Amino acid sequence: DGRRHHCVPASTRVTPPPGRADELASLCHSFNRMAEQIEQGVHEVKEKEAFLKCLIDTVPDGVRVVDANHNVVMANAAYARQAQQPEAEVVNVPCYKIHGRSEPCPPTLITCPLHVLKSDGDTVKYIHRHERADGSALHVETTAASLTLHGEGAPRRFIIEAIRDLEQQVKYSQEQRLSEIGQLAAGVAHEMYNPCARLGKTAG
């Protein structure tokens, strides 16, 4: 009809006309109760979203959630660090942007979980090349799983990706090997010292 419709904020309340106890006053009370319920519902949703965000931010690997339209709907802090971008700039963007592409990846050339995974519970692991904000390459190992949410309306499909920085994995492996070599060297030195010490005491 050409008119603009505006949503009424949940915090809005109406005051019944003074001295009125008719249908209008009852309607005002009903509206206020409904507004309180909506406000409580919004508060609970925000609390759950904040909890979920804190939960995935504790994961050391990058995590992102992609919908059926190739849109990143959620990502954790580790993924943002991998991309070298603020967290606000790695969500609500196409998932293929991290590959330096302006259109969906060809499934015949690059493993795309949206094409590979056919049903919930299926998982797939693959190696991808990501592109950081400065244009440098980041090679990652990704494990993806499919998830379908059934609620009001049509089912919604999502892909959950856990993304591991292979460079960090190599670094940790090297540090672990150096630590093991150090422990081995210390053990060998200890075993060599003890016989020498015993021989010294015997000779004395």
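The values are calculated or read from the model by the stated rules, or taken from the named source; none is laboratory data. Nothing here was measured: the structure is a model prediction, and the numbers come from that model. Heads up, the Cβs are rebuilt from the backbone with ideal geometry, glycines too, and the neighbour counts pull from every protein chain shown. Ligands, DNA and RNA are stripped out before the accessible areas are found, and what is left, the full protein with its side chains, is counted by its heavy atoms. Shrake-Rupley method; radii C 1.70, N 1.55, O 1.52, S 1.80 Å.
Worth a mention:
- Counting only heavy atoms of the protein chains and using a 1.4 Å probe, Asp134 has close to 110 Å² of accessible surface.
- Cα centroid separation, segment 41-65 to segment 121-164 (Å): 17
- Averaged over its residues, segment 107-147 has an accessible area of 56 Å² per residue, based on protein heavy atoms and a 1.4 Å probe.
- Relative packing of peptides 25-34, 40-49 - highest average C-beta neighbours within 10 Å first: 25-34, 40-49
- Between Glu47 and Val73, the contour length at 0.36 nm per residue exceeds the alpha carbon distance by 7.6 nm.
- Once the Cβ-Cβ distance of Ser119 and Asn32 is raised to the sixth power relative to R0 = 45 Å, the FRET efficiency obtained is 0.45.
- Legend: residues Arg81, Arg164, sorted from most to least accessible area (1.4 Å probe; ligands, DNA and RNA excluded), read Arg81, Arg164.
- The tail of the calculated P(r) for segment 40-82, taken as Cα-Cα distances beyond 14 Å, holds 54 percent of the pairs.
- Per-residue extension of 0.36 nm, minus the Cα-Cα distance of Glu131 and Gln168, leaves a gain of 11.7 nm for this segment.
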